[in-house]
Amino acid sequence: MIPDLEDYKWIVPDFIWELDELVDIEKLLKALPDADDLAKLMPDFEKIGESLASLKGFLSPGSPGETAFRATDQGYDNDKQFKKVSDKEKIDQLQEELLRTQLKYQRMLERLEKENKELRKLVLQRDEKGIHQRKLKKSLIDMYSEVLDILSDYDASYNTQDHLPRVVVVGDQSAGKTSVLEMIAQARIFPRGSGEMMTRSPVKVTLSEGPHHVALFKDSSREFDLTKEEDLAALRNEIEIRMRNSVKEGCTVSTETISLSVKGPGLQRMVLVDLPGVISTVTSGMAPDTKETIFSISKAYMQNPNAIILCIQDGSVDAERSIVTDLVSQMDPQGKRTIFVLTKVDLAEKNVASPNRIQQIIEGKLFPMKALGYFAVVTGKGNSSESIESIKEYEEEFFQNSKLLKTSMLKAHQVTTKNLSLAVSDCFWKMVRESVEQQADAFKATRFNLETEWKNNYPRLRELDRNELFEKAKNEILDEVISLTQVTPKHWEEMLEKTLWERVSTHVIENIYLPAAQTANSGTFNTTVDIKLKQWTDKQLPNKAVEVAWETLQEEFSRFMTEKKGKEHDDIFDKLKQAVKEETIKRHKWNERAEDSLRVIQHNALEDRSISDKQQWDAAIHFMEETLQSRLKDTESVIEDMVGPDWKKRWLHWVGRTKEQNIRNETKNELEKLIKCNEDHPAYLANDEVTTVRKNLEARGVAVDPCLIKDTWHQIYRRYFLKSALNHCNLCRRGFYYYQRHFVDSELECNDIVLFWRIQRMLAITANTLRQQLTNTEVRRLEKNVKEVLEDFAEDNEKKVMLLTGKRVQLAEDLKKVREIQEKLEAFIEALHQEK
């Protein structure tokens with residue numbers, strides 16, 4: 001039980017280590033007497049032996065001095081009675097005396113250990129406060145735990161085996177695994193539930209010595225003080241939350257490891273992994289594959305040839321009902337790395353009719369399972385509010401009075417969680433020392449293979465892991481967003497004006513221009529136009545304009561994000577850029593107040609009718625002609641589809657008309673005659689005109705429906721009207737002089753030109769306003785959104801894994817992990833040699 005003071009040589013003053021320099025040891029040795037002289041000074045042991053023999057003869061029965069040493073007759077009678085005691089009673093007395101002696105020494109050892117624990121705590125506190133000048137190195141167990149943490153995150157695509165030792169705690173559900181761990185850690189750190197599955201994912205617990213009893217997670221800086229009940233409750237709650245968060249939807253258990261470090265005075269240094277309890281049946285509320293998942297998790301940890309299996313068996317239930325023992329026997333048939341622990345021995349002793357049954361369980365006779373050692377422990381009375389100290393006292397008291405020790409069914413070193421903890425720690429470090437160098441060599445070979453593969457596949461590229469690639473992509477994306485500010489105002493306005501007109505042109509022609517142009521006079525035309533323009537501006541136009549601006553910004557943003565940069569383009573970022581673009585567009589919203597200010601501007605632009613010069617007049621005519629020609633082309637295409645190909649196409653392309661197209665063609669010809677007879681014909685056919693056309697067609701043997709006549713008339717008249725409007729545009733080229741005189745005493749009225757000028761001016765002013773909003777506000781807001789999206793992605797490892805994929809990324813990730821593992825293993829091995 002004497003502690004290892006190798007790390008505390010600094011406490012001894014330096015002059016002690018320098019005594020050999022200050023004192024001549026050889027001179028002192030010469031001055032000492034030799035062996036012969038010392039022999040003369042020793043007593044004569046032969047004479048002493050003769051004296052003792054004569055004394056024995058003097059005290060034997062019948063000797064002259066017998067009466068002198070006999071106290072009383074009563075004493076003599078007692079001696080005779082003692083001789084009559086049976087051999088069995090003597091054996092029982094000797095066993096009790098031996099047990100009392102063992103317990104006496106056990107208490108002495110515990111007292112010494114407690115004193116040692118307090119002293120070590122004081123030393124560690126001094127180390128922590130920096131009393132000595134030497135810088136303390138990281139503890140061995142912490143270095144080793146870091147290696148295991150990296151390995152738990154290492155997704156090896158190259159079949160790198162993790163054979164580093166750790167203590168794997170397995171057992172049936174509710175067998176007491178968690179309670180044993182808590183006794184070893186000396187704190188109630190795990191969530192508890194009666195009969196409910198509480199361990200839902202592997203929990204790696206790194207135990208190490210420290211001045212204060214604290215716990216902390218590897219990814220958090222918060223320390224939980226295990227001497228305070230509120231911190232213990234918070235720790236249990238945090239572990240439960242982490243477990244539930246690690247479980248995916250539709251599952252009951254998770255393979256994700258939760259890493260926890262526990263430090264405290266007197267704790268044995270080791271790494272334990274608590275696994276979900278093995279179950280025999282899937283109960284309600286569990287996923288159907290829960291049993292198989294727990295088996296696969298347990299096998300994955302136990303198949304490591306250097307893992308120490310701590311097999312927990314509930315002593316209060318029949319061993320034949322155990323599932324975990326069969327599983328452990330499969331993974332370690334020779335029992336070379338298995339430690340068997342029987343829990344709830346107090347309940348077993350009360351409930352089992354035959355006490356020999358416990359011995360058979362301990363010795364493994366009830367099932368085919370071998371182990372390095374067998375232990376029996378008591379982890380409390382079943383009350384979750386019990387403290388660790390009270391459980392310890394109860395455990396010691398039970399084994400002091402238990403028949404298991406009195407009858408030598410168990411040996412003293414096989415009982416209590418304290419002895420178990422010492423044995424497991426010794427076994428763990430023995431396994432570590434035997435296997436760690438071999439594992440380091442294996443990772444060194446893996447590193448060489450990965451580096452060779454990288455050099456062969458990507459000789460001119462740096463080895464950037466996923467996080468480094470993300471940072472590089474982040475800078476590229478931010479540079480591309482900055483490029484939006486470099487777009488010229490002219491380019492913005494041209495795009496906005498063109499897109500806005502494409503979006504609203506149909507409404508302007510169909511709902512404003514055509515209804516107004518088909519009125520009787522210019523007064524009605526202007527009135528109709530003004531009313532419809534105001535309604536349009538109040539309800540639809542500002543919203544359409546903002547939609548166009550937002551779509552234009554998206555289009556430019558997408559162009560910069562997806563545009564390839566020649567030879568420097570790296571397609572590994574394409575998925576990430578696409579995801580950033582989509583998420584940014586989803587988050588970005590145009591300023592809501594923009595529509596209100598835009599509505600006022602558009603109202604004012606459309607109310608202005610004053611064309612200041614001939615150049616603007618000609619521009620309006622050109623704009624109107626382009627628009628009408630585009631509509632005329634569309635109308636011609638519709639009519640061609642209705643009536644089929646003309647005679648030239650029929651002969652050249654060898655195609656014919658359908659029956660319906662023939663009917664449409666005859667109807668078209670009849671309606672064209674109607675327009676020729678009356679060039680000022682209104683836009684709609686009268687009922688008597690429809691009847692006349694139908695009868696004329698029937699007279700030629702063509703049966704036609706009135707609806708078909710009206711539908712054909714709409715397209716025929718539309719074509720006729722658009723051609724007339726284009727001719728009118730041509731006439732209005734010389735109408736600017738009449739416009740300046742307000743068409744007084746003139747037969748030429750060009751109010752439609754003025755309408756298109758108003759529309760054109762509104763488009764230009766709207767495009768200018770939207771461009772200012774884009775460059776001054778929206779581009780900067782978009783850049784801010786991009787930064788927020790990138791920050792969110794940077795914190796989401798799953799997102800990065802999903803978006804940065806490919807052999808190159810995985811190879812770089814594996815290289816980084818293997819290098820880190822190898823370097824940490826080498827540092828650990830060096831520290832291990834120094835400790836020796």
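Results for (1) touching a helix residue (DSSP H, G or I) at 6+ places or on another chain (Cβ under 8 Å); (2) in contact (Cβ under 8 Å) with a residue 60 or more places away in the chain; (3) not basic (Lys, Arg), shown as yes or no for each residue.
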| residue | (1), (2), (3) |
| --- | --- |
| Cys251 | yes, no, yes |
| Val262 | yes, yes, yes |
| Leu267 | yes, yes, yes |
| Val271 | yes, yes, yes |
| Thr290 | no, no, yes |
| Ile294 | no, no, yes |
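Tell me, which residue of the stretch 185-235 that is among the basic types (Lys, Arg) and either part of a loop (DSSP other than H, G, I, E, B) or open to solvent by 50 Å² or more (accessible area, probe 1.4 Å) (or both) is farthest from Thr290 (Cα to Cα)? In this case the residue turns out to be Lys228. When Lys444, Lys455 are checked against the criterion of being basic (Lys, Arg) and in contact (Cβ under 8 Å) with a residue 40 or more places away in the chain, Lys444 stands alone in meeting it. Filtering Trp550, Trp536 for residues that are open to solvent by less than 50 Å² (accessible area, probe 1.4 Å), in the same structural domain as Arg587 (by the TED database), in a helix (DSSP H, G or I) and under 30 Å from Asp792 (Cα atoms) leaves a single hit, Trp550. Regarding Ile294, is this residue open to solvent by less than 60 Å² (accessible area, probe 1.4 Å) and in a helix (DSSP H, G or I)? Considered against the rule, which asks whether it is open to solvent by less than 60 Å² (accessible area, probe 1.4 Å) and in a helix (DSSP H, G or I), Ile294 comes out as yes.
Screening Arg503 on (1) modelled with pLDDT of 90 or more; (2) of a type in the set (D, E, K, R); (3) buried (at least 16 other Cβ atoms within 10 Å of the Cβ) shows it passes everything except condition (3). Taken over the stretch 277-291, the criterion of being surrounded by 14 or more Cβ atoms within 10 Å (Cβ to Cβ) and more than 18 Å from Thr325 (Cα to Cα) is satisfied by Val282, Met286, Ala287, Asp289, Thr290. For the stretch 532-539, the count of residues that are modelled with pLDDT under 90 and not acidic (Asp, Glu) is nonzero.
If you take the residues in the stretch 483-511 that are assigned to a helix (DSSP H, G or I) and aliphatic (A, V, I, L, M), which one is nearest to Ala549 (Cα to Cα)? Filtering first and then ranking leaves Leu496.
Taking each residue of the stretch 751-762 that is touching a residue at least 60 places away in the same chain (Cβ under 8 Å) and on the phi > 0 side of the Ramachandran plot and looking for partners that are aliphatic (A, V, I, L, M) and in a helix (DSSP H, G or I) with beta-carbon atoms closer than 8 Å, six or more apart or interchain, yields nothing. If the condition is being under 39 Å from the mean Cα position of the chain (by Cα), touching a residue at least 40 places away in the same chain (Cβ under 8 Å) and in a helix (DSSP H, G or I), then the stretch 374-415 contributes Ile388, Ile391.
Consider Lys418 carefully, then state whether it is in a helix (DSSP H, G or I), out of contact with any Leu (no Cβ under 7 Å at 6 or more places or on another chain) and surrounded by fewer than 15 Cβ atoms within 10 Å (Cβ to Cβ). It would help to see each step written out before you state the result.
Working: in a helix (DSSP H, G or I): yes; out of contact with any Leu (no Cβ under 7 Å at 6 or more places or on another chain): yes; surrounded by fewer than 15 Cβ atoms within 10 Å (Cβ to Cβ): no.
So Lys418 fails the test.
Looking only at the stretch 425-476, how many residues end up being farther than 15 Å from Phe828 by Cβ and either among the basic types (Lys, Arg) or in contact with a strand residue (DSSP E or B) (Cβ under 6 Å, 6 or more places away or on another chain) (or both)? Don't jump to the end; show me each part of the working.
Applying the first criterion (farther than 15 Å from Phe828 by Cβ) to the stretch 425-476 yields 425-427, 430, 445-476.
So of that shortlist, the ones also either among the basic types (Lys, Arg) or in contact with a strand residue (DSSP E or B) (Cβ under 6 Å, 6 or more places away or on another chain) (or both) come out as 425, 427, 430, 447, 455, 460, 462, 466, 472, 474.
Of the residues in that region, 10 qualify.
Restricting Ser194, Ser201 to residues that are modelled with pLDDT under 85 and assigned by the TED database to the domain that holds Leu272 narrows the list to Ser194.
The criterion of being among the charged types (D, E, K, R), assigned to a helix (DSSP H, G or I), in contact with a helix residue (DSSP H, G or I) (Cβ under 6 Å, 6 or more places away or on another chain) and open to solvent by less than 40 Å² (accessible area, probe 1.4 Å) holds for Glu480.
The values are calculated or read from the model by the stated rules, or taken from the named source; none is laboratory data. Please read all numbers here as calculations on a predicted model, not as lab measurements. Please note: Cβ atoms are built from the backbone with ideal geometry, for glycine as well, and neighbour counts cover all protein chains shown. Remember, those area values only see protein heavy atoms, side chains included, never the ligands or the DNA or RNA. Shrake-Rupley method; radii C 1.70, N 1.55, O 1.52, S 1.80 Å.
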